[in-house]
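Visitor: My structure is below; once you've seen it, I'll send some questions.
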Amino acid sequence: MYEFATGLPGYIVEEVSVKYWDFYTKKYYANHNNDKRKVRQSPIPSNIGQYLSNAQLKTVKTMEEFGWQLYFIRRSSIQKIITIIQQIGTSQTALIEKDGTVNHQHDILIRH
């Protein structure tokens with residue numbers, strides 16, 4: 001293994017022998033060697049009461065009776081917590097505000 005020539009922290013270069021026709025050649029690949037990479041979170045945490053207000057929890061329960069489901073809770077250390085619900089069987093989504101109101105006209109981009 002060699003240190004990455006550009007000096008980018010956390011990168012190592014792996015040497016791999018690759019066969020072309022009847023001879024071998026060496027190729028080098030830069031791989032990030034960071035064990036502290038962010039682990040992908042579940043879209044809905046098991047402890048939703050820690051992230052949602054009582055008004056939001058009540059709204060989620062009420063909306064479930066009308067065919068909606070909790071889609072995800074975005075939890076970020078630098079942004080506010082965002083709660084999104086989705087109508088079952090459609091791509092229609094809504095934002096549940098901190099006070100429990102449902103905002104169907106949100107500007108949050110959802111990747112399906």
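The values are calculated or read from the model by the stated rules, or taken from the named source; none is laboratory data. Every value quoted in this text rests on a predicted model; they were computed, and no experiment measured them. Every residue, glycine among them, receives a Cβ derived from its backbone with ideal geometry; neighbour counts consider all protein chains shown.
Visitor: Return the pair list, or none, for Cβ contacts closer than 8 Å from residues in region 55-78 that are more than 19 Å from Gln92 (Cβ to Cβ) to residues that are surrounded by 15 or more Cβ atoms within 10 Å (Cβ to Cβ) and at pLDDT below 95, at least 6 apart or on different chains.
Guide: That search, which allows pairs on different chains as well, returns Arg75/Tyr51.
Visitor: For Gly10, work out the one condition from (1) at pLDDT below 85; (2) touching a His at 6+ places or on another chain (Cβ under 6 Å); (3) at negative phi it doesn't fulfil.
Guide: Gly10 satisfies every listed condition except (3).
Visitor: Looking only at region 55-99, how many residues end up being in contact with a strand residue (DSSP E or B) (Cβ under 8 Å, 6 or more places away or on another chain) and of a type in the set (Gly, Ala, Ser)?
Guide: Of the residues in region 55-99, 2 are in contact with a strand residue (DSSP E or B) (Cβ under 8 Å, 6 or more places away or on another chain) and of a type in the set (Gly, Ala, Ser).
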